[in-house]
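In what follows, a structure is listed as structure tokens, so that the remarks can point back to it.
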Amino acid sequence: MLHKLHDWLDDRIGHRRLLHDALFEPIPGGARWRYVWGSTLVFVFVTQMITGFFLWTAYSPSTLTAWESVYYIQHEMSYGWLVRGIHHFAAQAMMILLGLHFLQVVIDGAYRAPREVNFWMGLVLLQIVLGLSLTGYLLPWDQKGYYATQVATNIAGVTPVVGQQVQQLAQGGAGYGHQTLTRFFALHAGLLPALLIGALAAHIAVFRRHGITVPEKHRDKPADMFWPDQVLKDAIACLAVLATILFFVVYKGAELNGPANPAEAYSAARPEWYFLFLFRFLKFEAIDKLGLAFGAIYVPGAIMTVIALMPIIGRWKMGHRFNIAFTFGLLLGAGYLTVLALREDAADVDYQAAVAEAHRDGERAAELAHQQGIPAQGALALLNQDPFTQGPRLFARACSSCHRYNGHDGTGRLVVITEMVDHQKIMKDSPPTAADLGHFGSREWTREVLVNYHELFVPLKNAPEGAGNRFLEGDMATWSKDSHDVLVDKKNEEGLKALVEFLYQQSGREGTGMVENPLVKTGQEIFTSGKLPSGDMLSMACTDCHGMKLAYQEEPLSEEQGAGAPTLTGYAGYNWLKGFINNPGHASYYGENNQMPAFETRLTAEQIDLLARWMVGDYEPTKLVIGKAH
Amino acid sequence: MVPEPTAETPDTPPATSESVPPTRRSFITGVSAVIAGTIVAVTPVIAGLAFFLDPLLRRRPTMQGATEDGFLPVATLAELPDDGTPLRFGLSADKVDAWNLFKNQTIGTVYLRKINGQVIAFNDTCPHLGCKVDYKPSEHIFFCPCHASAFKLDGERKNEIPPRGMDTLETRVDDKNRIWVKYENFQRGVAEKKVV
């Protein structure tokens with residue numbers, strides 16, 4: 001019955017013949033592993049078609065939804081990480097397989113007559129695949145893709161004569177926007193795959209016409225059929241490729257940086273690894289001097305021309321050797337440049353910090369999107385309003401010229417001075433001139449203020465004209481030195497803890513506990529009387545100098561003296577810190593002793609708000625840590 | 001090199017069977033090739049299908065801001081006419097649409113009627129095929145402009161076009177005379193009232 005149906009169908013469509021032709025192609029000299037590369041490329045391309053289609057069902061190309069939909073695919077949808085991961089790493093596998101396929105063709109001289117046209121068709125396929133990877137890289141609309149693709153479209157823009165028009169057509173305008181994405185997406189998911197299918201079909205048809213190129217030494221061996229010997233080898237090779245792709249998907253995962261931000265420089269900008277050699281090549285000063293068009297268009301163009309001429313050059317024995325030498329020369333050169341670029345980047349602390357920051361932004365944007373949902377203005381708005389993202393940047397910009405944050409500038413970068421000594425860049429640590437604020441307002445910080453004031457503020461000694469001595473030799477430093485032995489005495493352990501807890505509670509930060517906490521009550525006693533529970537006396541009570549009003553009491557504990565002893569009302573909390581950043585020279589803060597600029601005229605109210613909220617820890621929870629790289 | 005390495009064993013014997021006799025070895029080779037080929041071909045398809053089935057695999061909220069049992073405030077008792085004339089009200093909540101959270105959107109509309117101080121609420125979506133049902137004051141009926149479904153003011157069907165009457169919604173009135181509605185949508189086109 002089934003057989004009859006089979007016959008019926010075969011009479012009408014002739015599939016038996018088709019299948020037979022496909023499978024029973026004799027392979028002179030027998031099945032060989034070196035013939036698998038073409039099949040693996042077909043496999044990877046089909047995989048890209050399948051995963052690409054499914055990604056298409058969830059992707060939304062616009063500047064307000066591209067990153068957002070990719071985030072949703074990657075982090076929220078079932079198996080989205082898997083489908084996007086396969087698509088991401090298969091694209092890279094394709095680059096490697098293209099290289100291997102090309103290498104095999106050149107070494108075997110498979111470009112020689114009558115296969116020249118098919119070789120050229122292969123080069124066309126290569127260009128289409130490069131186009132697919134270029135257009136695909138932009139689609140997630142993250143910082144990495146955005147800035148890397150900017151470079152590519154700007155290179156297109158310096159093409160002689162038509163450059164500017166080409167660039168504007170690709171971008172859909174003078175700059176990047178919605179239409180850049182819609183155009184890139186139409187190319188990536190529409191035109192380029194269609195061209196690829198057509199060119200690939202032709203490539204395979206012509207290949208079947210001429211058959212496999214068998215190296216001379218194997219030509220005398222008996223022939224195998226394509227089925228099953230070569231099919232098995234091909235299938236195993238595809239399996240190995242798939243396993244490699246899945247390994248990377250599971251252990252590395254496709255990255256998604258923070259959403260593209262045209263307003264923010266991206267110092268970790270690099271092309272994908274397979275274009276790193278070109279990137280590094282363009283960085284040579286000598287190449288740069290010859291103009292962008294030279295390095296980015298003429299040189300690659302010349303190389304492509306030589307490759308295209310290989311079938312003609314290869315007609316002579318010496319020519320074939322030249323082709324092989326040229327190919328290996330290219331590989332060596334590209335390999336060298338790639339390693340050079342990677343090594344330089346590995347040694348570049350600024351670059352490493354920028355990569356860490358980009359990675360952090362991506363994770364943070366995903367965290368916020370998951371916690372809050374993405375507003376209509378897009379995910380960038382979430383990052384722009386996030387103290388954890390913006391605080392460190394503002395600290396680096398406004399504070400890190402004097403202060404440090406756990407030894408770095410807030411964003412994880414070291415603060416260094418770059419000097420040119422004998423044409424060599426020398427990076428020197430730039431000494432801070434004010435306190436490290438990494439633990440500002442924490443219990444440890446307050447404890448240090450009490451028992452080790454002059455050490456906590458020791459960077460002030462680097463301040464110009466000895467201005468820091470006002471603090472390092474001031475009343476508080478003296479009090480701290482006088483009180484040190486008493487406070488660290490074992491029997492006063494509880495007393496010190498109580499005083500710290502009382503001060504910490506003023507900040508109103510998270511984890512300050514109940515107002516009625518007995519420890520805090522004890523702390524308040526010490527604060528106002530200077531008398532420790534053990535009976536020991538401090539040289540002065542805190543209220544002798546500092547003003548303090550408790551949030552829940554009408555009457556202040558002590559009046560402000562206005563003599564440079566900052567008010568401790570709400571000490572190290574959001575309002576205290578915001579007021580301090582706005583105007584540290586106010587009578588409630590350092591008064592005339594102050595030497596820090598008033599930032600109310602240097603930063604906007606929103607910026608100071610973000611900075612202060614970050615420093616007091618008032619932001620959506622995160623698992624990310626800044627400055628882990630060091 | 002051929003596009004599909006996953007082809008099945010053909011029924012026809014190899015044409016050049018003299019040179020390649022079908023041996024046990026080539027049978028094993030063939031089976032192995034089919035297995036390996038199937039794995040590589042099927043893996044991306046399965047991953048993709050699992051991804052595509054996401055809407056069935058995960059139920060996600062469509063809005064935020066309702067009470068724990070799903071009620072939203074709509075209007076006050078005083079806003080409803082005493083004669084039982086239905087009025088249409090929008091329900092305001094934060095709309096969840098895939099990755100987006102849109103604050104304060106009208107997530108749906110309902111008809112409210114007050115009869116003897118009691119409130120009746122109807123989802124104003126036609127249970128036939130989901131158009132919005134109009135209130136025709138001249139005839140005192142609900143009427144659907146798409147396929148002429150008609151309903152009495154108590155929600156009962158007036159013709160056989162819709163499979164069931166207008167969908168009533170749970171309501172409650174709090175001590176400040178505010179009316180709360182549990183906004184739900186129901187499967188259209190079937191006689192049974194089933195929440196979607």
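At-a-glance table
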{"read-out": "Size of charge dipole - the stretch A:227-276 - debye, nearest 20, with Cβ of Lys, Arg +1 and Asp, Glu -1, no other charges", "value": "80 debye"}
{"read-out": "Alpha carbon convex hull of the stretch A:395-502, volume per residue in cubic angstrom", "value": "128 Å³"}
{"read-out": "Neighbour-count order for A:226, B:89, fewest beta carbons within 10 angstrom listed first", "value": "B:89, A:226"}
{"read-out": "Calculated from backbone phi, Karplus (6.51, -1.76, 1.60) coupling profile of the stretch A:360-365 in Hz, x at Gly/Pro", "value": "4, 4, x, 5, 5, 4"}
{"read-out": "Rounded D (µm²/s) - the stretch B:121-196, Kirkwood Rh over Cα pairs, Stokes-Einstein at 37 °C, 0.692 mPa s", "value": "255 µm²/s"}
{"read-out": "Over the stretch A:462-577: Kirkwood hydrodynamic radius from C-alpha pairwise inverse distances, Å", "value": "15.1 Å"}
{"read-out": "Quotient of Cα Rg and 2.2 N^0.38 Å for the stretch A:121-213, N being how many residues it contains", "value": "1.27"}
{"read-out": "Using θ = phi - 60° and Karplus 6.51 cos²θ - 1.76 cosθ + 1.60, couplings along the stretch A:440-455 (whole Hz; Gly, Pro as x)", "value": "3, x, 7, 4, 4, 4, 4, 4, 5, 4, 6, 9, 9, 3, 5, 7"}
{"read-out": "Order of B:119, A:44 under a 10 Å beta carbon neighbour criterion, fewest first", "value": "B:119, A:44"}
{"read-out": "5 angstrom amide H check on residue B:75, placed H, neighbours 5+ away", "value": "B:179"}
{"read-out": "Unit charges on C-beta of K, R, D, E only; dipole of chain B, Debye", "value": "200 debye"}
{"read-out": "For chain B, diffusion coefficient by Stokes-Einstein and Kirkwood Rh (Cα), 37 °C, 0.692 mPa s, µm²/s", "value": "152 µm²/s"}
{"read-out": "For the stretch A:556-613, alpha-carbon Rg and Dmax in angstrom", "value": "11.5, 34"}
{"read-out": "At R0 = 35 Å, FRET efficiency that the Cβ-Cβ distance of residue B:187 and residue B:78 yields, to 0.05", "value": "0.50"}
{"read-out": "Distance between modelled label sites at residue B:132 and residue A:244, nm, 7 Å Cα→Cβ extension", "value": "5.7 nm"}
{"read-out": "Coordinate range along principal axes, alpha carbons of the stretch A:12-110, Å, largest first", "value": "56, 44, 22"}
{"read-out": "Distance (nanometres) between label positions extended 7 Å along Cα→Cβ at residue A:324 and residue A:284", "value": "2.7 nm"}
{"read-out": "Farthest positive-ward along the protein assembly as shown dipole, Cα basis, beta-carbon charges - from B:189, B:65, A:296", "value": "A:296"}
{"read-out": "Cβ-Cβ FRET estimate between residue A:294 and residue A:3, R0 fixed at 56 Å, reported to 0.05", "value": "0.25"}
{"read-out": "nm² value of the averaged projected area, convex hull over the Cα atoms of the stretch A:182-244", "value": "6.8 nm²"}
{"read-out": "Quotient of C-alpha Rg and 2.2 N^0.38 Å, computed over the stretch A:413-463", "value": "1.56"}
{"read-out": "The stretch A:427-434 - phi-based ³J(HN,Hα) in whole Hz, Karplus 6.51/-1.76/1.60, Gly and Pro as x", "value": "9, 10, 4, 9, x, x, 10, 8"}
{"read-out": "Mean residue ellipticity (222 nm) of chain B, computed from DSSP H runs ≥ 4 via -39,500 (n - 2.57), nearest 500", "value": "-5500 deg cm²/dmol"}
{"read-out": "With 10 Å bins from 0: P(r) over the protein assembly as shown, alpha-carbon pairs, percent", "value": "2, 9, 14, 15, 15, 15, 13, 9, 5, 2, 0"}
{"read-out": "Which of A:82, A:333, A:72, positive extreme of dipole for chain A (C-beta unit charges)", "value": "A:333"}
{"read-out": "Debye, to nearest 20: dipole size of the stretch A:79-210, +1 on Lys, Arg Cβ, -1 on Asp, Glu Cβ", "value": "200 debye"}
{"read-out": "Positive-pole candidate from A:173, A:96, A:478, dipole of chain A, charges at beta carbon", "value": "A:96"}
{"read-out": "Equivalent-ellipsoid semi-axes of the stretch A:285-343, from the Cα gyration tensor, Å, largest first", "value": "26, 16, 7"}
{"read-out": "Centroid-to-centroid separation of the stretch A:173-193 and the stretch A:300-371 [C-alpha atoms, Å]", "value": "24 Å"}
{"read-out": "Over 22 Å [Cα-Cα, the stretch A:227-362], rounded percent", "value": "62 percent"}
{"read-out": "Prolate/oblate/rounded call for the stretch A:222-278, Cα gyration tensor, a/c under 1.5 rounded", "value": "prolate"}
{"read-out": "Per-residue [θ]222 nm for chain A (sum of -39500 (n - 2.57) over DSSP H runs n ≥ 4, rounded to 500)", "value": "-17500 deg cm²/dmol"}
{"read-out": "Per DSSP, loop GluC sites (Glu not before Pro) in the stretch A:478-551 with at most 10 further Cβ within 10 Å", "value": "A:510, A:516"}
{"read-out": "Ranking of A:289, A:221 by count of other Cβ atoms within 10 Å, fewest first", "value": "A:289, A:221"}
{"read-out": "Helix B:24-52 vs. chain B, principal-axis angle (Cα, 0 to 90°, nearest 10)", "value": "20 degrees"}
{"read-out": "Extension reserve of the residue A:332-residue A:186 stretch, reckoned as 0.36 nm per residue once the Cα distance is removed", "value": "49.0 nm"}
{"read-out": "Over the stretch A:332-465: Rg over Rh, Cα atoms, Kirkwood Rh", "value": "1.08"}
{"read-out": "Lysines whose Cα lies under 17 Å from that of residue B:103, excluding same-chain neighbours fewer than 8 positions away", "value": "B:95"}
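Where a number appears in this text, it was derived from the coordinates with a stated rule and is not lab data. Bear in mind that the values here come from a model prediction, so they are computed numbers and not experimental data. No Cβ is skipped: glycine too gets one built from the backbone with ideal geometry, and neighbour counts run over all protein chains shown.
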